[in-house]
Amino acid sequence: MWTCVHTPVTVIRPVGTRSKAAPRREALAISLGTSGGDAIYVADSIRKEIVADLSAYPQLVVIYLGMRVYRWRGLRTVLRVRSEIHKALAQNLDGLLFHESFYFSLLPLHIGLRQYWRDFDSLDR
């Protein structure tokens, strides 16, 4: 089962430029008794940009794996697979850039992992 988890990304906008939401923020700021320009300046100056420079890895491979457990037998399978993955990670695999394990839910148990590999050849070895 393939699962995708999205993380929010914010973008820096030069101070003084307005987004589509700016009129709503300005109306809210005016209704709160503040000047609209100051409220927009504060909101825009707090935003941060999160960008990954992946130019060093033009053939980057990202893998998402997930498993949902409904029965006790499935829990045993998850624990076995998890231990095998951790044994493989202990070998410091060449080409593995990052590994992350996470839980989507506890009832029913739904776990996942995400791996970033340099290229498909290093994944295949």
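The values are calculated or read from the model by the stated rules, or taken from the named source; none is laboratory data. Since the model is a prediction, treat every value here as computed from it, not as a measurement. Every residue, glycine as well, gets a Cβ built from its backbone with ideal geometry; the counts of neighbours run over all protein chains shown.
The table that follows gives values for the structure above.
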quantity	calculated
Hits in region 90-103 (condition: surrounded by 14 or more Cβ atoms within 10 Å (Cβ to Cβ) and out of contact with any Phe, Trp or Tyr (no Cβ under 7 Å at 6 or more places or on another chain))	L93, H99, S101
Tally, over region 94-103, of residues that are in contact with a Lys or Arg (Cβ under 8 Å, 6 or more places away or on another chain) and over 10 Å from Y116 (Cβ atoms)	3
Scan of region 58-78 for residues that are farther than 22 Å from Y116 by Cα and part of a helix (DSSP H, G or I), ordered by number	W72, R73, G74, L75, R76, T77
Output for region 104-125, where each listed residue is in a strand (DSSP E or B), surrounded by 12 or more Cβ atoms within 10 Å (Cβ to Cβ) and free of Cβ contacts under 8 Å to residues at least 60 places away in the same chain	L109, H110, I111, L113, Q115, Y116, W117
Residue among L97, L93, L109 that alone is under 15 Å from V69 (Cβ atoms) and of a type in the set (A, V, I, L, M, F, W, C)	L109
Some residue of region 34-54 being modelled with pLDDT of 50 or more and either in contact with a strand residue (DSSP E or B) (Cβ under 6 Å, 6 or more places away or on another chain) or closer than 25 Å to D124 by Cβ (or both)	yes
